[in-house]
1. Against the condition touching a Phe, Trp or Tyr at 6+ places or on another chain (Cβ under 8 Å) and under 27 Å from E124 (Cα atoms), how does L266 come out, does it pass?
2. Considering only region 118-134, I want to know if a residue exists there that is hydroxyl-bearing (S, T, Y) and surrounded by fewer than 21 Cβ atoms within 10 Å (Cβ to Cβ).
3. Take the conditions surrounded by 21 or more Cβ atoms within 10 Å (Cβ to Cβ), within 18 Å of I322 (Cα to Cα) and of a type in the set (V, I, T) and apply them to I222. Does it pass?
4. Just to check your reading of the model, which residue among P79, P26, P55 is closer than 18 Å to G188 by Cα and either surrounded by 15 or more Cβ atoms within 10 Å (Cβ to Cβ) or touching a helix residue (DSSP H, G or I) at 6+ places or on another chain (Cβ under 7 Å) (or both)?
5. Applying the selection to region 189-240, what residues are farther than 23 Å from K174 by Cβ, hydroxyl-bearing (S, T, Y) and at pLDDT 90 or above?
6. Go through (1) at pLDDT below 95; (2) assigned to a helix (DSSP H, G or I) and name the single condition K173 misses.
7. Taking into account only those residues within region 327-348 that are part of a loop (DSSP other than H, G, I, E, B) and under 30 Å from the mean Cα position of the chain (by Cα), which is farthest from V118 (Cα to Cα)?
8. Looking at E95, is it of a type in the set (D, E, K, R) and not in a loop (DSSP other than H, G, I, E, B)?
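The values are calculated or read from the model by the stated rules, or taken from the named source; none is laboratory data. Just so you know, these numbers come straight off a predicted model, no measurement behind them. Every residue, glycine as well, gets a Cβ built from its backbone with ideal geometry; the counts of neighbours run over all protein chains shown.
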Amino acid sequence: MNHYFHSIRIDPEKCDGRMKCMRACPTQAIRVRNGTASIIEEKCIDCGECLTVCPSGAIVPLTDPVGELSKFHYTVAIPSPALYAQFGRQILPNEILAGLKELGFNDTVDLAFLCGEVSFAIQEHLREYKGPKPIISNVCPTVVRLIQVKYPSLVDHISPLDIPRELAAREIKKEKAKEHGLREEEIGAFYITPCPVKMVSIRQPAEKEKSYLDGAISISDIYGPLLSAISGGAKHKADYRESLESICILGIGWAIVGGICRTLRLRNSLAVSGLTEILEVFHDIERGKMRHIDFIEAYSCWQGCVGGSLTVENRYVSYNKILKLIETLEFEEIKACPDIREVRKRYAKKYFFRSGVLEPRPLKPLDTDLASAIQKRKQKQDIYESLPKIDCGACGSPTCLTFAEDVVIGEAKLSDCLVQVARASIERPGQPAGSSRSKIVELKPPGPKAKSKKADRRKR
């Protein structure tokens, strides 16, 4: 099995086994054993749901400290457009980019402009595309990994275009290396990220061997120093109209769900955020219900990147700021957009396409031997049929089916099912509860009589 890098870790000293993380995980990658949670690495997609719900702060995001900048001769900050939504409405992107230079970066890249170029490239791709629909955006690494792990049949639906942050890092390194006589390895490109999963896409890209980015610094880590730099940077203040004219309306919308579809005016598209809703949509795609849709813009975080777990501002306030900024640009008829003719030329030369191929992520088999794997699959089904099927999670596995699998592979014991143990002690009085694993598995779920009693109680 491959080794997977993850952007979160569980601190066993802080974990008290409350199981909220286990229940929140969309890929059933968390188990709780002996009062401590653990992650099954090949199933984890780094969505951060566990980080959000953990009541004890035991799940820690992993990003790069600002001190990593000292390793490079020249450093460039590439902020997510979500960073622009973390400050008051009067603070526009040019001031934020200037503030990043005050913090020690040699240069900055306004990613919104490159997002605008990729928006035009998406438009071109939709115009000529003849493959399976809908095309699913790849801007959110969690969505890509969710498809690889849980919906492998949809891998071919993922957009083949590279993501703006990678294109930006690739181009800025070439440009600055030539300008300053440096090697590209001496130039550090750092993404200012709203969520920990971007670190995974840098350390272990899903579609290629190596990222052009050298690290990710969380918005929450840099926010305080950046706010001070902006507040003290009166010399960087420009005329409000002039500042607006520097904003690419196509790119600024990438910070929020629906931003790409809205600014491109895609009629036959769908925008969805939040893993619960995404799971529902992907189920429908698998069933063939979404073939009439051309493009799906999907973000694992609610409201889009502005809802990332490493942001500072309230997600709804952030969403509203970006939305109002787009409305202002539309009202003022400001169109600081890339030249679509140049984008078309580069699109024809495959400039925007990613270099690698996305493939489903293999999960650990029940056994490496095929005959043993088939036998264990049958054992798993037999055990599952004996379980109560209420998915209570008290055993430390998220569902009865995953518990049955954990028993088969030796990661859990049948006596871990508290419902079965309690039922055994009732049905076999005088026998110690959980004393016989074989007897526990022989127990059957409540028969029709018991079910009818339960139904009667519901009616009453």
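1. Yes, satisfied.
2. yes
3. So I222 fails the test.
4. Exactly one of P79, P26, P55 is closer than 18 Å to G188 by Cα and either surrounded by 15 or more Cβ atoms within 10 Å (Cβ to Cβ) or touching a helix residue (DSSP H, G or I) at 6+ places or on another chain (Cβ under 7 Å) (or both), namely P79.
5. S218, S220, Y223, S228, listed by residue number.
6. With (1) at pLDDT below 95; (2) assigned to a helix (DSSP H, G or I) applied to K173, the lone miss is (1).
7. A336
8. yes
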